[in-house]
Amino acid sequence: AGDFSREIEIVHAADEEAALETEAVDAAEDLESRPAVITVMGHVDHGKTSLLDAIRDTAVAAGEAGGITQHIGAYQVRHQGKLVTFIDTPGHAAFTAMRARGAKVTDIAAIVVAADDGVMPQTIEAIDHAKAAGVPILIVVNKIDKPEANIDRIKQQLTEYALVPEEWGGDTIFVEASAKKRIGLENFLDMLLLVAEVADLKANPKTEASGFIIESRVDPGRGVVATVLVNRGTLHVGDAIVAGGASGRVRAMRDFKGETLVSGGPSTPVEIIGFDELPIAGELCRVVKDERAARALAGRRASRLKTERLARERSLTLDEVFARIAAGKVLDLNLVVKADVQGSLEALSDALLKIQHPEVKVRILHSGVGGINESDIMLAAASEAIIIGFNVRPSQAAQTLAEQEGVDVRTYQVIYKVTEDVTAALMGMLKPEYREVVLGQAEVRATFKASKVGTIAGCMVTKGIMQRGAKARVLRDDVVVHDGRIGSLKRFQEDAREVQEGFECGILLDGFNDVKEGDVFEAYETREVAREV
Ligand code: GDP
(Lines give C-alpha, C1' and ligand atoms only; values in the text may rest on other atoms or scores of the structure.)
Protein backbone atom coordinates (compact mmCIF):
# COMPACT_ATOMS: atom_id res chain seq x y z
CA ALA A 1 0.00 0.00 0.00
CA GLY A 2 2.90 2.31 0.80
CA ASP A 3 4.32 1.77 -2.70
CA PHE A 4 1.08 2.99 -4.15
CA SER A 5 1.00 5.84 -1.64
CA ARG A 6 -2.23 4.61 -0.14
CA GLU A 7 -2.91 4.67 3.51
CA ILE A 8 -4.36 1.70 5.29
CA GLU A 9 -6.88 2.28 8.00
CA ILE A 10 -7.48 -0.74 10.16
CA VAL A 11 -11.00 -0.82 11.42
CA HIS A 12 -12.40 -3.62 13.49
CA ALA A 13 -15.90 -3.84 12.18
CA ALA A 14 -17.12 -6.08 14.92
CA ASP A 15 -15.83 -3.79 17.66
CA GLU A 16 -17.35 -0.75 16.10
CA GLU A 17 -20.69 -2.44 15.66
CA ALA A 18 -20.56 -3.92 19.11
CA ALA A 19 -20.02 -0.43 20.49
CA LEU A 20 -23.11 0.72 18.62
CA GLU A 21 -25.21 -2.20 19.70
CA THR A 22 -24.45 -2.09 23.36
CA GLU A 23 -27.10 -0.28 25.26
CA ALA A 24 -25.87 2.97 26.65
CA VAL A 25 -26.40 3.56 30.33
CA ASP A 26 -27.46 6.98 31.45
CA ALA A 27 -26.69 8.54 34.80
CA ALA A 28 -29.76 8.88 37.01
CA GLU A 29 -29.54 12.69 37.03
CA ASP A 30 -29.76 12.81 33.23
CA LEU A 31 -33.04 10.91 33.13
CA GLU A 32 -36.28 12.74 32.55
CA SER A 33 -39.85 11.50 32.30
CA ARG A 34 -40.93 10.59 28.81
CA PRO A 35 -44.36 9.89 27.26
CA ALA A 36 -45.64 6.31 27.31
CA VAL A 37 -45.84 4.45 24.01
CA ILE A 38 -49.06 2.48 23.52
CA THR A 39 -49.87 -0.32 21.09
CA VAL A 40 -53.51 -1.25 20.62
CA MET A 41 -54.16 -4.95 20.07
CA GLY A 42 -57.11 -7.32 20.01
CA HIS A 43 -59.32 -9.52 17.88
CA VAL A 44 -60.24 -8.39 14.39
CA ASP A 45 -63.27 -6.06 14.26
CA HIS A 46 -63.23 -5.41 17.99
CA GLY A 47 -62.51 -1.76 17.26
CA LYS A 48 -58.74 -1.19 17.37
CA THR A 49 -58.69 1.17 14.40
CA SER A 50 -61.85 2.94 15.53
CA LEU A 51 -60.36 3.50 18.95
CA LEU A 52 -57.12 4.92 17.54
CA ASP A 53 -59.10 7.17 15.20
CA ALA A 54 -61.46 8.30 17.94
CA ILE A 55 -58.61 9.33 20.21
CA ARG A 56 -56.86 11.22 17.47
CA ASP A 57 -60.05 12.91 16.27
CA THR A 58 -61.00 13.90 19.79
CA ALA A 59 -57.60 15.47 20.22
CA VAL A 60 -57.99 17.32 16.93
CA ALA A 61 -61.44 18.51 17.91
CA ALA A 62 -60.06 19.72 21.22
CA GLY A 63 -57.70 21.92 19.24
CA GLU A 64 -54.69 19.89 20.28
CA ALA A 65 -53.54 18.74 16.90
CA GLY A 66 -54.07 21.52 14.44
CA GLY A 67 -54.17 20.87 10.74
CA ILE A 68 -54.78 17.62 8.98
CA THR A 69 -53.22 14.62 10.60
CA GLN A 70 -51.36 12.23 8.38
CA HIS A 71 -50.48 8.62 8.85
CA ILE A 72 -46.84 8.21 9.79
CA GLY A 73 -47.19 5.09 11.93
CA ALA A 74 -47.57 6.82 15.27
CA TYR A 75 -49.13 9.92 16.76
CA GLN A 76 -49.27 11.79 20.02
CA VAL A 77 -52.07 13.33 22.02
CA ARG A 78 -51.91 15.63 25.01
CA HIS A 79 -53.99 14.72 28.01
CA GLN A 80 -53.92 16.44 31.40
CA GLY A 81 -50.87 18.30 30.17
CA LYS A 82 -49.02 15.11 29.41
CA LEU A 83 -48.20 13.52 26.07
CA VAL A 84 -49.16 9.96 25.16
CA THR A 85 -47.75 8.27 22.05
CA PHE A 86 -49.85 5.77 20.11
CA ILE A 87 -48.47 3.34 17.57
CA ASP A 88 -50.86 3.68 14.68
CA THR A 89 -50.46 0.17 13.27
CA PRO A 90 -52.75 -1.85 15.49
CA GLY A 91 -52.40 -5.55 16.13
CA HIS A 92 -50.05 -8.02 17.67
CA ALA A 93 -48.63 -9.18 14.33
CA ALA A 94 -46.95 -5.81 13.77
CA PHE A 95 -46.03 -5.62 17.43
CA THR A 96 -44.30 -8.99 17.42
CA ALA A 97 -42.68 -8.51 14.01
CA MET A 98 -40.99 -5.41 15.45
CA ARG A 99 -39.96 -7.29 18.54
CA ALA A 100 -38.52 -10.11 16.42
CA ARG A 101 -36.12 -7.52 14.99
CA GLY A 102 -35.13 -6.46 18.46
CA ALA A 103 -37.30 -3.35 18.73
CA LYS A 104 -38.62 -2.68 22.20
CA VAL A 105 -41.06 0.01 21.36
CA THR A 106 -44.20 -0.46 23.39
CA ASP A 107 -44.60 0.47 27.05
CA ILE A 108 -48.24 -0.50 27.46
CA ALA A 109 -50.45 -2.88 25.49
CA ALA A 110 -54.08 -1.77 25.29
CA ILE A 111 -56.09 -4.87 24.48
CA VAL A 112 -59.47 -4.17 22.97
CA VAL A 113 -62.32 -6.62 23.56
CA ALA A 114 -65.70 -5.99 21.97
CA ALA A 115 -68.35 -6.11 24.67
CA ASP A 116 -70.81 -7.93 22.40
CA ASP A 117 -68.34 -10.54 21.19
CA GLY A 118 -66.15 -11.32 24.19
CA VAL A 119 -62.77 -12.97 24.35
CA MET A 120 -61.82 -14.45 20.98
CA PRO A 121 -58.76 -16.36 19.69
CA GLN A 122 -56.83 -13.26 18.68
CA THR A 123 -57.63 -11.63 22.01
CA ILE A 124 -55.76 -14.49 23.65
CA GLU A 125 -52.96 -14.26 21.10
CA ALA A 126 -52.62 -10.55 21.83
CA ILE A 127 -52.53 -11.20 25.59
CA ASP A 128 -49.86 -13.88 25.15
CA HIS A 129 -47.78 -11.70 22.83
CA ALA A 130 -47.92 -8.80 25.30
CA LYS A 131 -47.04 -11.09 28.21
CA ALA A 132 -44.14 -12.63 26.27
CA ALA A 133 -42.81 -9.12 25.74
CA GLY A 134 -43.24 -8.31 29.42
CA VAL A 135 -45.43 -5.30 28.66
CA PRO A 136 -48.19 -4.18 31.08
CA ILE A 137 -51.70 -4.85 29.80
CA LEU A 138 -54.73 -2.58 30.02
CA ILE A 139 -58.09 -3.95 28.89
CA VAL A 140 -60.44 -1.77 26.88
CA VAL A 141 -63.94 -3.19 26.77
CA ASN A 142 -65.20 -1.51 23.60
CA LYS A 143 -68.63 -1.24 21.96
CA ILE A 144 -70.43 -0.77 25.29
CA ASP A 145 -73.05 1.19 23.35
CA LYS A 146 -74.32 -2.07 21.88
CA PRO A 147 -77.40 -3.55 23.52
CA GLU A 148 -75.79 -7.02 23.62
CA ALA A 149 -72.79 -5.69 25.54
CA ASN A 150 -71.86 -7.94 28.44
CA ILE A 151 -68.96 -6.49 30.35
CA ASP A 152 -69.02 -8.92 33.26
CA ARG A 153 -68.75 -11.88 30.93
CA ILE A 154 -65.48 -10.45 29.54
CA LYS A 155 -64.09 -9.85 33.00
CA GLN A 156 -65.01 -13.40 33.90
CA GLN A 157 -63.41 -14.80 30.75
CA LEU A 158 -60.20 -12.87 31.29
CA THR A 159 -59.67 -14.12 34.82
CA GLU A 160 -58.67 -17.39 33.14
CA TYR A 161 -55.68 -15.53 31.70
CA ALA A 162 -54.69 -14.06 35.05
CA LEU A 163 -56.17 -10.68 34.13
CA VAL A 164 -58.32 -9.91 37.13
CA PRO A 165 -60.02 -6.52 37.52
CA GLU A 166 -59.22 -4.43 40.57
CA GLU A 167 -62.74 -4.67 41.97
CA TRP A 168 -62.31 -8.46 42.03
CA GLY A 169 -59.03 -8.24 43.88
CA GLY A 170 -56.71 -8.25 40.89
CA ASP A 171 -54.51 -5.55 39.45
CA THR A 172 -55.61 -5.32 35.84
CA ILE A 173 -57.15 -2.06 34.76
CA PHE A 174 -60.35 -2.40 32.73
CA VAL A 175 -61.83 0.59 30.96
CA GLU A 176 -65.21 0.64 29.30
CA ALA A 177 -65.49 2.52 26.06
CA SER A 178 -67.31 3.08 22.84
CA ALA A 179 -65.09 4.24 20.05
CA LYS A 180 -68.18 4.87 17.96
CA LYS A 181 -70.08 6.99 20.48
CA ARG A 182 -66.88 8.52 21.90
CA ILE A 183 -67.61 7.21 25.39
CA GLY A 184 -64.88 6.48 27.92
CA LEU A 185 -61.97 7.89 25.93
CA GLU A 186 -61.03 10.39 28.63
CA ASN A 187 -61.01 7.63 31.20
CA PHE A 188 -58.92 5.44 28.90
CA LEU A 189 -56.30 8.19 28.64
CA ASP A 190 -56.46 8.80 32.40
CA MET A 191 -55.75 5.12 33.01
CA LEU A 192 -52.92 5.04 30.50
CA LEU A 193 -51.28 7.91 32.33
CA LEU A 194 -51.75 6.03 35.57
CA VAL A 195 -50.09 2.88 34.26
CA ALA A 196 -47.32 5.00 32.75
CA GLU A 197 -46.75 6.71 36.08
CA VAL A 198 -46.38 3.38 37.83
CA ALA A 199 -43.95 2.22 35.12
CA ASP A 200 -41.90 5.40 35.76
CA LEU A 201 -40.77 5.80 32.16
CA LYS A 202 -37.63 7.81 31.76
CA ALA A 203 -34.98 8.59 29.18
CA ASN A 204 -32.03 10.88 28.74
CA PRO A 205 -33.00 13.55 26.22
CA LYS A 206 -29.60 15.26 26.18
CA THR A 207 -27.58 12.77 24.22
CA GLU A 208 -27.17 11.47 20.69
CA ALA A 209 -30.44 9.98 19.54
CA SER A 210 -31.38 6.40 19.00
CA GLY A 211 -34.77 5.01 18.13
CA PHE A 212 -36.62 2.45 16.10
CA ILE A 213 -37.90 2.55 12.57
CA ILE A 214 -41.70 2.36 12.70
CA GLU A 215 -42.43 2.67 8.99
CA SER A 216 -40.66 3.49 5.79
CA ARG A 217 -41.71 4.12 2.22
CA VAL A 218 -40.51 5.77 -0.94
CA ASP A 219 -42.26 9.02 -1.74
CA PRO A 220 -42.00 9.93 -5.43
CA GLY A 221 -41.23 13.56 -4.63
CA ARG A 222 -39.22 13.26 -1.43
CA GLY A 223 -37.32 10.00 -1.64
CA VAL A 224 -37.10 7.63 1.28
CA VAL A 225 -39.43 8.69 4.07
CA ALA A 226 -39.09 6.92 7.40
CA THR A 227 -40.79 7.26 10.74
CA VAL A 228 -38.47 6.97 13.68
CA LEU A 229 -39.74 6.64 17.21
CA VAL A 230 -36.99 8.18 19.28
CA ASN A 231 -36.35 6.23 22.47
CA ARG A 232 -33.27 7.96 23.79
CA GLY A 233 -31.59 11.28 23.20
CA THR A 234 -32.81 13.92 20.78
CA LEU A 235 -32.75 13.60 17.01
CA HIS A 236 -31.85 16.78 15.14
CA VAL A 237 -32.02 17.86 11.54
CA GLY A 238 -28.51 17.40 10.17
CA ASP A 239 -27.70 14.30 12.24
CA ALA A 240 -25.93 11.45 10.45
CA ILE A 241 -27.97 8.30 10.89
CA VAL A 242 -27.73 4.59 10.30
CA ALA A 243 -30.43 1.91 10.53
CA GLY A 244 -29.42 -1.58 9.48
CA GLY A 245 -28.11 -1.36 5.93
CA ALA A 246 -29.53 2.14 5.36
CA SER A 247 -27.71 5.37 6.16
CA GLY A 248 -27.88 9.09 5.49
CA ARG A 249 -28.43 12.43 7.11
CA VAL A 250 -31.65 13.88 8.48
CA ARG A 251 -32.47 16.44 5.82
CA ALA A 252 -35.95 17.30 7.04
CA MET A 253 -38.19 16.31 9.90
CA ARG A 254 -41.93 16.51 10.46
CA ASP A 255 -44.40 15.41 13.07
CA PHE A 256 -47.65 13.49 12.42
CA LYS A 257 -49.46 16.75 11.78
CA GLY A 258 -47.06 17.48 8.94
CA GLU A 259 -45.48 20.33 10.86
CA THR A 260 -41.78 20.93 10.40
CA LEU A 261 -39.58 20.07 13.34
CA VAL A 262 -35.91 20.71 14.01
CA SER A 263 -35.61 18.07 16.70
CA GLY A 264 -37.48 15.26 18.43
CA GLY A 265 -36.91 13.88 21.91
CA PRO A 266 -37.71 10.57 23.62
CA SER A 267 -41.03 8.89 22.68
CA THR A 268 -41.58 11.32 19.82
CA PRO A 269 -42.47 9.85 16.46
CA VAL A 270 -40.79 11.84 13.72
CA GLU A 271 -40.99 11.44 10.00
CA ILE A 272 -37.61 12.02 8.43
CA ILE A 273 -36.19 12.37 4.96
CA GLY A 274 -32.59 11.53 4.22
CA PHE A 275 -32.02 7.78 4.21
CA ASP A 276 -30.30 6.48 1.09
CA GLU A 277 -32.42 3.35 1.05
CA LEU A 278 -35.44 1.89 2.80
CA PRO A 279 -34.71 0.93 6.40
CA ILE A 280 -36.71 -2.02 7.71
CA ALA A 281 -39.42 -1.49 10.33
CA GLY A 282 -38.16 -2.57 13.72
CA GLU A 283 -34.56 -1.71 12.87
CA LEU A 284 -32.57 0.26 15.40
CA CYS A 285 -31.76 3.77 14.18
CA ARG A 286 -28.65 5.46 15.58
CA VAL A 287 -26.93 8.77 15.23
CA VAL A 288 -23.26 8.49 14.33
CA LYS A 289 -20.34 10.92 13.98
CA ASP A 290 -20.81 11.85 10.34
CA GLU A 291 -22.34 10.68 7.12
CA ARG A 292 -19.20 8.88 6.03
CA ALA A 293 -19.13 6.81 9.18
CA ALA A 294 -22.83 6.09 8.74
CA ARG A 295 -22.27 4.90 5.18
CA ALA A 296 -19.34 2.69 6.11
CA LEU A 297 -21.19 1.14 8.99
CA ALA A 298 -24.35 0.54 6.95
CA GLY A 299 -22.29 -1.02 4.17
CA ARG A 300 -20.61 -3.44 6.51
CA ARG A 301 -23.88 -4.31 8.15
CA ALA A 302 -25.57 -4.93 4.82
CA SER A 303 -22.87 -7.33 3.71
CA ARG A 304 -22.81 -9.04 7.06
CA LEU A 305 -26.56 -9.48 7.00
CA LYS A 306 -26.33 -10.99 3.56
CA THR A 307 -23.92 -13.68 4.67
CA GLU A 308 -25.45 -14.51 7.98
CA ARG A 309 -29.15 -14.16 8.34
CA LEU A 310 -29.96 -12.11 11.39
CA ALA A 311 -32.89 -14.26 12.35
CA ARG A 312 -30.92 -17.47 12.23
CA GLU A 313 -28.62 -16.23 14.93
CA ARG A 314 -31.54 -15.61 17.18
CA SER A 315 -33.83 -18.54 16.85
CA LEU A 316 -33.42 -21.52 19.05
CA THR A 317 -33.89 -25.10 17.96
CA LEU A 318 -34.62 -28.05 20.18
CA ASP A 319 -31.34 -29.62 19.12
CA GLU A 320 -29.45 -26.61 20.45
CA VAL A 321 -31.23 -26.33 23.76
CA PHE A 322 -28.70 -28.32 25.71
CA ALA A 323 -25.68 -26.50 24.28
CA ARG A 324 -27.32 -23.22 25.23
CA ILE A 325 -28.12 -24.45 28.73
CA ALA A 326 -24.53 -25.61 29.13
CA ALA A 327 -23.33 -22.18 28.03
CA GLY A 328 -25.68 -20.61 30.57
CA LYS A 329 -27.66 -18.93 27.82
CA VAL A 330 -31.03 -20.55 28.30
CA LEU A 331 -32.93 -20.32 31.51
CA ASP A 332 -36.43 -20.73 30.20
CA LEU A 333 -37.40 -23.10 27.46
CA ASN A 334 -40.07 -21.08 25.68
CA LEU A 335 -42.72 -23.00 23.80
CA VAL A 336 -45.65 -22.12 21.58
CA VAL A 337 -48.07 -25.04 21.64
CA LYS A 338 -50.80 -25.64 19.08
CA ALA A 339 -53.17 -28.61 18.97
CA ASP A 340 -56.19 -29.84 17.07
CA VAL A 341 -58.65 -29.83 19.98
CA GLN A 342 -58.89 -28.21 23.42
CA GLY A 343 -58.63 -31.55 25.23
CA SER A 344 -55.32 -32.54 23.71
CA LEU A 345 -54.03 -29.00 24.11
CA GLU A 346 -54.68 -29.13 27.84
CA ALA A 347 -53.23 -32.62 28.23
CA LEU A 348 -50.14 -31.63 26.30
CA SER A 349 -49.65 -28.35 28.17
CA ASP A 350 -50.02 -30.11 31.52
CA ALA A 351 -47.50 -32.78 30.52
CA LEU A 352 -45.01 -30.18 29.29
CA LEU A 353 -45.29 -28.05 32.41
CA LYS A 354 -44.58 -31.10 34.55
CA ILE A 355 -41.15 -31.56 33.02
CA GLN A 356 -38.55 -30.89 35.67
CA HIS A 357 -35.02 -29.67 35.16
CA PRO A 358 -32.73 -28.20 37.81
CA GLU A 359 -31.85 -25.08 35.82
CA VAL A 360 -34.46 -24.71 33.15
CA LYS A 361 -38.11 -23.88 33.38
CA VAL A 362 -40.49 -24.85 30.61
CA ARG A 363 -42.62 -21.84 29.76
CA ILE A 364 -45.59 -21.94 27.44
CA LEU A 365 -45.82 -18.49 25.89
CA HIS A 366 -48.90 -19.23 23.92
CA SER A 367 -51.16 -22.20 23.39
CA GLY A 368 -54.10 -22.44 21.10
CA VAL A 369 -56.36 -24.68 19.11
CA GLY A 370 -55.79 -24.65 15.37
CA GLY A 371 -53.06 -24.75 12.77
CA ILE A 372 -49.68 -23.10 13.22
CA ASN A 373 -49.99 -19.58 11.80
CA GLU A 374 -47.66 -16.71 10.98
CA SER A 375 -48.33 -14.98 14.26
CA ASP A 376 -47.14 -18.12 16.12
CA ILE A 377 -43.94 -18.07 14.08
CA MET A 378 -43.29 -14.39 14.78
CA LEU A 379 -43.92 -14.89 18.48
CA ALA A 380 -41.45 -17.78 18.49
CA ALA A 381 -38.91 -15.75 16.53
CA ALA A 382 -39.23 -12.81 18.89
CA SER A 383 -39.03 -14.90 22.05
CA GLU A 384 -36.61 -17.65 21.07
CA ALA A 385 -39.38 -20.17 21.36
CA ILE A 386 -39.87 -23.56 19.80
CA ILE A 387 -43.21 -24.44 18.26
CA ILE A 388 -44.87 -27.71 19.13
CA GLY A 389 -47.75 -28.80 16.94
CA PHE A 390 -49.97 -31.68 17.95
CA ASN A 391 -52.07 -33.12 15.12
CA VAL A 392 -51.70 -29.78 13.35
CA ARG A 393 -49.43 -28.51 10.59
CA PRO A 394 -48.09 -25.08 9.74
CA SER A 395 -49.88 -23.21 6.97
CA GLN A 396 -47.89 -22.69 3.78
CA ALA A 397 -47.18 -19.07 4.68
CA ALA A 398 -46.19 -20.03 8.23
CA GLN A 399 -43.87 -22.71 6.87
CA THR A 400 -42.12 -20.19 4.64
CA LEU A 401 -41.84 -17.67 7.45
CA ALA A 402 -40.45 -20.34 9.80
CA GLU A 403 -37.74 -21.12 7.27
CA GLN A 404 -36.91 -17.44 6.89
CA GLU A 405 -36.76 -16.82 10.60
CA GLY A 406 -35.10 -20.12 11.40
CA VAL A 407 -37.88 -21.12 13.82
CA ASP A 408 -37.97 -24.76 14.89
CA VAL A 409 -41.43 -26.21 14.25
CA ARG A 410 -42.00 -29.72 15.53
CA THR A 411 -45.12 -31.67 14.80
CA TYR A 412 -46.28 -34.77 16.61
CA GLN A 413 -49.13 -37.22 16.78
CA VAL A 414 -48.43 -38.82 20.15
CA ILE A 415 -48.24 -36.80 23.37
CA TYR A 416 -45.63 -38.88 25.15
CA LYS A 417 -43.31 -38.37 22.15
CA VAL A 418 -43.48 -34.60 22.71
CA THR A 419 -42.53 -34.79 26.36
CA GLU A 420 -39.91 -37.40 25.55
CA ASP A 421 -38.28 -35.10 23.00
CA VAL A 422 -38.42 -32.01 25.21
CA THR A 423 -37.00 -33.95 28.15
CA ALA A 424 -34.27 -35.41 25.94
CA ALA A 425 -33.42 -31.94 24.63
CA LEU A 426 -33.08 -30.59 28.17
CA MET A 427 -30.76 -33.46 29.06
CA GLY A 428 -28.69 -33.06 25.93
CA MET A 429 -29.76 -36.42 24.68
CA LEU A 430 -31.77 -35.48 21.67
CA LYS A 431 -30.39 -37.11 18.58
CA PRO A 432 -31.18 -35.53 15.28
CA GLU A 433 -33.34 -37.80 13.26
CA TYR A 434 -32.15 -38.77 9.82
CA ARG A 435 -34.34 -39.96 7.08
CA GLU A 436 -33.03 -41.67 4.02
CA VAL A 437 -34.07 -40.43 0.63
CA VAL A 438 -33.37 -42.67 -2.37
CA LEU A 439 -32.09 -40.63 -5.29
CA GLY A 440 -32.13 -43.34 -7.91
CA GLN A 441 -30.97 -46.72 -9.16
CA ALA A 442 -28.63 -47.85 -11.89
CA GLU A 443 -27.94 -51.30 -13.29
CA VAL A 444 -24.45 -52.43 -14.04
CA ARG A 445 -24.36 -53.59 -17.70
CA ALA A 446 -20.60 -53.96 -18.14
CA THR A 447 -17.38 -53.49 -16.22
CA PHE A 448 -14.05 -52.06 -17.34
CA LYS A 449 -10.75 -52.31 -15.57
CA ALA A 450 -8.84 -49.08 -15.63
CA SER A 451 -5.40 -49.80 -14.27
CA LYS A 452 -5.04 -46.52 -12.41
CA VAL A 453 -8.45 -45.91 -10.94
CA GLY A 454 -10.04 -49.32 -10.46
CA THR A 455 -13.08 -51.01 -11.91
CA ILE A 456 -15.49 -48.76 -13.73
CA ALA A 457 -19.07 -49.91 -14.01
CA GLY A 458 -20.91 -49.17 -17.22
CA CYS A 459 -24.44 -48.49 -16.02
CA MET A 460 -27.92 -47.60 -17.17
CA VAL A 461 -29.84 -45.31 -14.82
CA THR A 462 -33.16 -47.11 -14.41
CA LYS A 463 -34.80 -44.83 -11.85
CA GLY A 464 -34.25 -41.29 -10.60
CA ILE A 465 -30.76 -39.89 -10.85
CA MET A 466 -27.14 -40.76 -10.05
CA GLN A 467 -25.15 -37.96 -8.43
CA ARG A 468 -21.40 -37.60 -8.08
CA GLY A 469 -20.48 -37.69 -4.41
CA ALA A 470 -23.80 -39.20 -3.37
CA LYS A 471 -23.89 -42.14 -1.02
CA ALA A 472 -24.58 -45.40 -2.82
CA ARG A 473 -25.00 -49.01 -1.89
CA VAL A 474 -24.43 -51.99 -4.09
CA LEU A 475 -27.25 -54.50 -4.24
CA ARG A 476 -26.60 -57.96 -5.52
CA ASP A 477 -29.76 -60.09 -5.64
CA ASP A 478 -31.30 -57.57 -3.21
CA VAL A 479 -28.55 -58.05 -0.69
CA VAL A 480 -26.41 -55.07 0.25
CA VAL A 481 -22.83 -56.02 -0.53
CA HIS A 482 -21.27 -52.61 -0.18
CA ASP A 483 -22.15 -49.18 1.12
CA GLY A 484 -20.06 -46.28 -0.05
CA ARG A 485 -19.98 -43.22 -2.23
CA ILE A 486 -20.00 -42.44 -5.94
CA GLY A 487 -16.42 -41.31 -6.54
CA SER A 488 -16.65 -40.52 -10.18
CA LEU A 489 -19.47 -40.24 -12.65
CA LYS A 490 -19.00 -39.95 -16.42
CA ARG A 491 -21.24 -39.46 -19.45
CA PHE A 492 -19.18 -40.79 -22.35
CA GLN A 493 -15.73 -39.50 -21.45
CA GLU A 494 -16.93 -36.35 -19.72
CA ASP A 495 -17.27 -35.88 -15.97
CA ALA A 496 -20.88 -35.38 -15.02
CA ARG A 497 -22.43 -33.98 -11.86
CA GLU A 498 -25.53 -36.04 -12.28
CA VAL A 499 -27.07 -38.42 -14.80
CA GLN A 500 -30.79 -38.81 -15.30
CA GLU A 501 -33.00 -41.84 -15.69
CA GLY A 502 -32.75 -43.50 -19.10
CA PHE A 503 -29.13 -42.52 -19.73
CA GLU A 504 -25.96 -44.56 -19.66
CA CYS A 505 -23.01 -43.61 -17.53
CA GLY A 506 -19.77 -44.82 -16.07
CA ILE A 507 -19.62 -45.10 -12.30
CA LEU A 508 -16.69 -45.64 -10.02
CA LEU A 509 -17.44 -46.29 -6.40
CA ASP A 510 -14.85 -45.11 -3.90
CA GLY A 511 -12.88 -48.07 -2.57
CA PHE A 512 -14.95 -50.74 -4.28
CA ASN A 513 -13.63 -52.75 -7.20
CA ASP A 514 -15.49 -55.99 -6.84
CA VAL A 515 -18.35 -54.82 -9.04
CA LYS A 516 -20.13 -57.37 -11.25
CA GLU A 517 -22.51 -57.20 -14.17
CA GLY A 518 -26.08 -57.25 -12.90
CA ASP A 519 -25.29 -55.35 -9.68
CA VAL A 520 -27.62 -52.50 -8.83
CA PHE A 521 -26.30 -49.21 -7.47
CA GLU A 522 -28.74 -47.38 -5.28
CA ALA A 523 -27.83 -43.74 -4.69
CA TYR A 524 -29.29 -42.09 -1.60
CA GLU A 525 -28.85 -39.29 0.84
CA THR A 526 -29.75 -38.83 4.47
CA ARG A 527 -31.52 -35.66 5.39
CA GLU A 528 -31.87 -34.35 8.87
CA VAL A 529 -35.59 -34.01 9.42
CA ALA A 530 -37.90 -32.42 11.94
CA ARG A 531 -39.10 -35.15 14.21
CA GLU A 532 -42.41 -36.60 13.37
CA VAL A 533 -44.03 -39.58 14.91
P1 GDP B 1 -60.40 -3.52 14.14
O2 GDP B 1 -60.46 -4.62 13.13
O3 GDP B 1 -60.19 -4.04 15.52
O4 GDP B 1 -59.48 -2.39 13.79
O5 GDP B 1 -61.90 -2.92 14.19
P6 GDP B 1 -62.48 -1.61 13.53
O7 GDP B 1 -62.04 -0.40 14.24
O8 GDP B 1 -62.28 -1.66 12.06
O9 GDP B 1 -64.03 -1.79 13.86
C10 GDP B 1 -64.79 -2.89 13.38
C11 GDP B 1 -66.24 -2.51 13.29
O12 GDP B 1 -66.78 -2.25 14.59
C13 GDP B 1 -66.49 -1.26 12.47
O14 GDP B 1 -67.64 -1.47 11.69
C15 GDP B 1 -66.73 -0.20 13.51
O16 GDP B 1 -67.57 0.81 13.05
C17 GDP B 1 -67.37 -0.97 14.62
N18 GDP B 1 -67.10 -0.36 15.92
C19 GDP B 1 -65.90 -0.01 16.43
N20 GDP B 1 -66.04 0.52 17.66
C21 GDP B 1 -67.37 0.47 17.95
C22 GDP B 1 -68.14 0.87 19.10
O23 GDP B 1 -67.65 1.37 20.10
N24 GDP B 1 -69.48 0.64 19.03
C25 GDP B 1 -70.08 0.10 17.94
N26 GDP B 1 -71.37 -0.09 17.97
N27 GDP B 1 -69.37 -0.28 16.86
C28 GDP B 1 -68.05 -0.08 16.86
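The values are calculated or read from the model by the stated rules, or taken from the named source; none is laboratory data. Since we're looking at a predicted model, the values are computed, not measured. With ideal geometry, Cβ positions are generated from the backbone for all residues, glycine too; neighbour counts draw on all protein chains shown. These accessible areas exclude ligands, DNA and RNA; they are computed on the full protein's heavy atoms, side chains included. Shrake-Rupley method; radii C 1.70, N 1.55, O 1.52, S 1.80 Å.
Straightening the chain between His482 and Glu403 buys 24.8 nm, computed as 0.36 nm per residue apart minus the Cα-Cα spacing. Could you pull out the trypsin sites (Lys or Arg not before Pro) across region 327-425 that fall in loop regions by DSSP (anything but H, G, I, E, B) with no more than 14 other Cβ atoms inside 10 Å? Loop-located and lightly packed - Lys329, Lys354. Here the label points at Arg491 and Gln342, each 7 Å from Cα along the C-beta direction, are separated by 6.1 nm in the simple model. Taking the Cα centre of region 43-184 as origin and assigning +1 to Lys and Arg Cβ atoms and -1 to Asp and Glu Cβ atoms, the resulting dipole is close to 460 debye.
Met466 sits with roughly 0 Å² accessible to a 1.4 Å probe, with DNA, RNA and ligands left out of the calculation. Compared with the direct C-alpha span, the chain from Lys516 to Lys471 gains 14.3 nm at full extension, assuming 0.36 nm per residue. Each Lys or Arg adds one and each Asp or Glu subtracts one; over the other residues with Cβ under 10 Å from the Cβ of Gly265, this totals +2. Straight-line reach from Lys449: taking Cα to Cα under 26 Å and skipping same-chain neighbours fewer than 8 places apart, the lysines in range are Lys463, Lys471, Lys490, Lys516. Taking the Cα centre of the chain as reference, the dipole from Cβ charges on Lys and Arg (+1) and Asp and Glu (-1) amounts to some 940 debye.
Distance between the pseudo-spin-label points of Lys463 and Asp171 (7 Å out from Cα toward the beta carbon): 6.6 nm.
Phi-derived couplings, Karplus 6.51 cos²θ - 1.76 cosθ + 1.60 at θ = phi - 60°, listed residue by residue for region 183-192: 9, x, 5, 4, 5, 4, 5, 3, 5, 4 Hz, with x used for Gly and Pro. Its relative contact order, with pairs defined as Cα atoms under 8 Å and 6+ residues apart, puts region 87-188 at 24 percent. Over 20 Å between C-alpha atoms is what I'm after, so list which of Lys131/Lys338; Lys104/Lys131; Lys131/Lys181 land there. Lys131/Lys181, as the Cα separations exceed 20 Å there.
Both radii are taken from the alpha-carbon atoms of region 118-263; with Rh as the Kirkwood radius, Rg/Rh is 1.08. Each Cα pair under 8 Å and six or more residues apart adds its separation to the average, and for the chain the resulting relative contact order is 11 percent. Neighbours of Lys206, meaning other residues whose beta-carbon lies under 11 angstrom from its beta-carbon, give a summed charge of -4 when Lys and Arg score +1 and Asp and Glu score -1. Distance from the alpha carbon centroid of region 177-254 to that of region 455-509 works out to 62 angstrom. Were the residues from Gln356 through Asp53 laid out at 0.36 nm apart, the gain over their Cα-Cα distance would be 104.3 nm. Amide hydrogen proximity for Arg363: with H placed 1.01 Å from N in the peptide plane, the residues at 5 or more positions away or on another chain lying under 5 Å are Leu333, Asn334, Leu335.
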